[in-house]
Every structure is written in structure tokens, then in C-alpha cells.
Amino acid sequence: MMRQLVIVVMIVIANKNLKRRENYRKPVIAGNWKMFKTRDEALFFILQVSEAMPSSKDVETIVFAQAPLMRCLIKRQGLNLKIGAQNLFYEDEGAFTGEISGPLLKSYKVEYVLIGHSERRAYFYETDEIVNKKIQAALRNTLRPIVCVGERLEERENNLTEKVLERQIKGAFEGVKAIDMKNIIIAYEPVWAIGTGKTATAEMADDACGFIRNEIEKLYGKLIAEEIRIQYGGSVKPENIEELLSKENIDGALIGGASLDPDKFIAMANAAVK
Ligand code: PGA
């Protein structure tokens, strides 16, 4: 009886691993520098990490820098280190003082842009509708959005996490075509875990990422849901990244504070290879 049980468990595990390999999603480790680093500090960071990044066959690595740094950093990005933008405006040009256009980012050969980060939602009043317009702007300029979603503390405490995620996902992808989903990454970032040192447990993060995958399946079907990469973000550091990445639905990390330190960034990029 015991032996049969062991065999059944082994078959279940083997099937799960097989499934994971079939639906291989390359991990993506991204640093969000927010409003940190001057030109010299940024250049020093790139110099230190570029050569130490793992192969692009195993993991994709990006740092999101302030817009004026694009030009000098892009020229120095390494084989496997991309420079992304933290924001763009939803119109392609016009009288919008201080905003950053998709065509400008494209002209610098930027590939990735962050959209809907909770700090943008909180301090710059970005609604789901604005997030949606920004995604459309990114896609029409052949930029690849990392779309951030996540609940606030009071929403989690009132059991509203799934409702909030459902609303954010539906709002963000309204009118976005299935064919464009291959250019999109989603980052699940519970607001209460950002910059607070409070990481969601790996199980909580995996559950939320699984819920998001399910929502994508409802909108776009199973294949797209299995292929889309979903990152976790919120107080990720070298000490907790391995456990987070070992989870079925977590395909990478979006890292704020710990990504400012070259040694920590190198360690976290390499942790994704194991
Ligand atoms: P944190 O920030 O890693 O400092 O919590 C994450 C983010 O804001 O993307």
C-alpha cells in the first residue's frame, strides 16, 4: 500500500516537471531603480554588472532607469543586460510638458517599459484606463510593457485581493489583441510589500500569480496563459529570491531597493539560473 502511494506521488511529480518544461518560460530579472542614481553612479553600475550577467539563454535581465539616462546606458548595455524605461505617455506627441513619448523611447532602441507601477498609480493618479492607454501606446511603438498590478494592504485585509487583481487585469488589457500578449510581462506587486521589507510568502505570491494566470486564461485562452511570464515584486532580495522563483507560477522578479547594489543584482540574476 505504502509502495503504491510512493509510486503515485512520484508519477504526479514527474508529470508536473514535464509540464513545466513543456511550458518553459524564461525567467526575467528586472531592477527598478526608481528615482535613484546619477549618471556616474548608473555608468559605474553597468560597468560592474554587464560582464557578470548569466547567459541570455537562461535568464533575461533588465534595469529600468530614469529616462534621461537612456542614451548613455543603452550604448553600454552588455550582452545580456537591457535598459528599460520606467514610464511613457499614452499620446505619441503633443503639448504634454515633461512627458516621455513612445516614439522617443523607440528611437533609443528601448525594448521594455514599466507600466502601472503602484507608485505611478498612487502619486500620479494613474487609473486602470490610463494604464490601458499606455499599454496601447507601448505596443503601437513596438515597446514591450511590464504591466504592474497588486492590491493595497487594506484590500488584502478585507479579502479583496482577487477582486482588485481581476479589475486591474481586465482594465489593463481591454482591447489588447491576443497576438500582442506575447510581448507582455505582468508583475504582481502587492503594494504593502514594496519598499517595506515585508515580502509576501512564496505561497501567497504564487497563489496571486496563479490567479492572474487564470484571469489571462479567461481572457485569452490556455495557451497564452501558459506562455505569459508573471514576475513577483516587493522586497525581493538575494536571501529570498530562490524560494520565490522555485514556485510554479513565478517567472521572475521586479526588484526595487536591492537592485541598486551591483553585487546583489548579480547574485539575484544568477539565482534565476539554478
Ligand atoms: P522593492 O520595490 O523591491 O524595493 O520592494 C519593488 C518595486 O517597486 O518594483
Among the residues that make up the stretch 253-264, is at least one of them open to solvent by less than 40 Å² (accessible area, probe 1.4 Å), more than 15 Å from the ligand (Cβ to nearest atom) and closer than 28 Å to residue 40 by Cβ?
yes
The stretch 83-109, residues that are modelled with pLDDT of 95 or more and either within 23 Å of residue 257 (Cβ to Cβ) or basic (Lys, Arg) (or both)
83, 84, 85, 86, 87, 106
Failed criterion for residue 204 (all others in (1) modelled with pLDDT of 95 or more; (2) closer than 19 Å to residue 32 by Cα; (3) within 16 Å of the ligand (Cβ to nearest atom) hold)
(2)
Do any residues in the stretch 70-88 that are on the phi < 0 side of the Ramachandran plot have Cβ atoms under 6 Å from those of residues that are aromatic (Phe, Trp, Tyr), where the two are at least six apart or on different chains, and which pairs are they?
70/108; 74/108; 84/64; 84/112; 86/64
Just to verify a result, which residue in the stretch 72-116, among those that are in contact with a helix residue (DSSP H, G or I) (Cβ under 8 Å, 6 or more places away or on another chain) and loosely packed, with under 13 Cβ neighbours inside 10 Å, is farthest from residue 132 (Cα to Cα)?
79
Search result, residues across the stretch 228-239 that are within 12 Å of the ligand (Cβ to nearest atom) and touching a strand residue (DSSP E or B) at 6+ places or on another chain (Cβ under 8 Å)
231, 232, 233, 236, 237
Of the residues 269, 225, only one is away from the ligand (no atom under 11 Å from the Cβ), farther than 27 Å from residue 49 by Cβ, surrounded by 16 or more Cβ atoms within 10 Å (Cβ to Cβ) and among the small types (Gly, Ala, Ser); which?
225
Positions within the stretch 120-155 being over 14 Å from the mean Cα position of the chain (by Cα) and closer than 16 Å to residue 232 by Cα, in sequence order:
151, 152
Residue hits (the stretch 228-248; part of a strand (DSSP E or B) and open to solvent by 30 Å² or more (accessible area, probe 1.4 Å)) are 229
Need pairs with beta-carbon distance below 8 Å; first residue surrounded by fewer than 21 Cβ atoms within 10 Å (Cβ to Cβ) and within the stretch 129-149, second among the β-branched types (Val, Ile, Thr); sequence gap 6+ or separate chains.
136/176; 139/176; 144/113; 144/184; 144/185
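The values are calculated or read from the model by the stated rules, or taken from the named source; none is laboratory data. Predicted model only: the values in this text are computed from it and were never measured. Using ideal geometry, Cβ is built from the backbone for each residue, glycine included, and neighbour counts are taken over all protein chains shown. Side chains included, ligands, DNA and RNA excluded: accessible areas come from the protein's heavy atoms. Shrake-Rupley method; radii C 1.70, N 1.55, O 1.52, S 1.80 Å.
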